[in-house]
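Encoded as structure tokens, the structure appears first; notes follow it.
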Amino acid sequence: MDEKRSTLNGRLRAIESNDDSNILKLYRKNFPKEFQWFSDERILDNTVRDADYCDEASFIYEVEDGGVAKAAGIIITKLSQDYEKEVLSDTMWITMLAVREEYRGCGVGSVLLDAAVKKAKELGIKEVVLGMEFRNLFSGIPAPDDAKKEFFKKAGFTLGEKDHYDMSANMQENFVPDEFDDSKCEGYHVKRMEARDADKVLDFLLREFPDRWHFEIDQYIKTGGDLKQIFLLIQESDGDVVGFSMTHDYGDADRNGGLGPIGIGSSVRGKKLGGLILTKALIGLREQGVRDTCIDWTGIVDFYGKYGFHKERVYREGSLSLK
């Protein structure tokens, strides 16, 4: 990739510790209303406060406006750490790329992206991925219109063929899960995880979902995550774990929450057990007081639609190989 230039007389600089307000302003002004559900704290927690944040490859493009320096655009990246490389080796993620509307079309986005990719090459990174990282804001290009897709294609990124979605429902008003018929699920029950279940849960995940999901739950347990947020599908004949669902209660003022990942063991699929654990987990979120609930990063729209969820946000995955 040739080094890019902007038609503006601006400068590229590192993101500094006092740039929180710039980050939040650029986020709020540049992403559609359906992406404004994040609290300010969560935006910062999932960007510059995240353990994977890569300050070396994160930049602000600054211009002078009336004698005052103004942030015209920003790129925030993350880098896979040593403890993650067993799952995602030598990966850099573009967590957020935003350019203020009045400065679009002037090459600001290209300058920011080029600078991050250049640093990725210097660091020996093998792949740059659009979103999708642990603790992400976006699972790809948010609201991927033709202009955004063409921008990344010109930069050498390979994009997925189909969109995927965040789906949502207000669980204080959504009672569709209560109508689930569990009469065909005899021999199985759902419970919240306890500390004594850890070995069984990790054995199940290592066997059925050995990569990212096993890693994420293992890290969640090791770092003291609230185990009650994990629902387990138990086979009553032997007490084995044969499915799981992760829920999220963000504890913010708006009572936002989420669900995912969710997975069923290969030996028991086709028995409506996915519906059983999904509905129990959703009802559990309602009982905790969670209202707006997001099921993120999914393509199975019809399945979740049966349980009262609708498409809320759309994404397109993309990556750049540096091998």
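Tabulated results
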| read-out | value |
| --- | --- |
| Probe 1.4 Å - accessible area at Tyr165, Å² to nearest ten | 50 Å² |
| Along each principal axis, Cα extent of the range 119-260, largest first, Å | 55, 39, 33 |
| Leading residue at positive end of dipole, the chain (Cβ point charges), from Met193, Tyr315, Thr279 | Tyr315 |
| Over 27 Å between alpha carbons, listed pairs Lys184/Lys280; Lys126/Lys228; Lys126/Lys154 | Lys126/Lys228 |
| Taking the convex hull of Cα positions in the range 64-108, its mean projected area over all directions (nm²) | 4.5 nm² |
| Solvent-accessible ranking of His164, His248, largest area first, probe 1.4 Å | His248, His164 |
| Probe 1.4 Å - accessible area at Glu208, Å² to nearest ten | 40 Å² |
| Cα-Cα separations in the range 156-214 greater than 20 Å, expressed as whole percent | 64 percent |
| Largest-first ordering by accessible area, 1.4 Å probe, given options Val128, Val48 | Val48, Val128 |
| Folded to 0 to 90 degrees: helix 198-208 orientation relative to the chain principal axis, Cα | 70 degrees |
| Beta bridges by DSSP in the chain, antiparallel share as percent, to the nearest 5 | 90 percent |
| The chain - mean residue ellipticity at 222 nm from DSSP helices (-39,500 (n - 2.57) per run, n ≥ 4, rounded to 500) | -7500 deg cm²/dmol |
| Accessible-area composition of the range 1-160, carbon plus sulfur, in percent [1.4 Å probe] | 45 percent |
| For the range 306-315, Karplus couplings with θ = phi - 60° (6.51, -1.76, 1.60), whole Hz, Gly/Pro x | 5, 10, x, 9, 10, 5, 10, 9, 10, 9 |
| Estimated Rh, the range 258-303: Kirkwood, alpha-carbon pairs, angstrom | 11.8 Å |
| Average projected area [Cα convex hull, the range 21-157], square nanometres | 8.5 nm² |
| Amide H within-cut-off set for Arg313, under 5 Å, with H built and near neighbours excluded | Asp166 |
| Accessible area per residue in Å² at 1.4 Å probe, computed on the range 242-286 | 33 Å² |
| Accessible area of the range 64-154 divided out per residue, in Å², using a probe of 1.4 angstrom | 42 Å² |
| Percentage of interatomic Cα-Cα distances in the chain larger than 39 Å | 18 percent |
| Two-decimal Rg/Rh across the range 237-323, once Rg and the Kirkwood Rh are taken from alpha-carbon atoms | 1.04 |
| Largest to smallest accessible area among Glu16, Glu216 [probe 1.4 Å] | Glu16, Glu216 |
| Debye, to nearest 20: dipole size of the chain, +1 on Lys, Arg Cβ, -1 on Asp, Glu Cβ | 740 debye |
| Taking all pairs of distinct alpha-carbon atoms in the range 283-323, Kirkwood radius in angstrom | 12.8 Å |
| Local electrostatic count at Met96 - Lys and Arg +1, Asp and Glu -1, tallied over other residues with Cβ under 15 Å | +2 |
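The values are calculated or read from the model by the stated rules, or taken from the named source; none is laboratory data. It should be emphasised that the depicted structure is a prediction, and the values quoted were computed from it without experimental measurement. Glycine also receives a Cβ, built like all others from the backbone with ideal geometry; neighbour counts cover every protein chain displayed. Accessible surface is based on the protein model in full, side chains and every heavy atom, while ligands, DNA and RNA are left aside. Shrake-Rupley method; radii C 1.70, N 1.55, O 1.52, S 1.80 Å.
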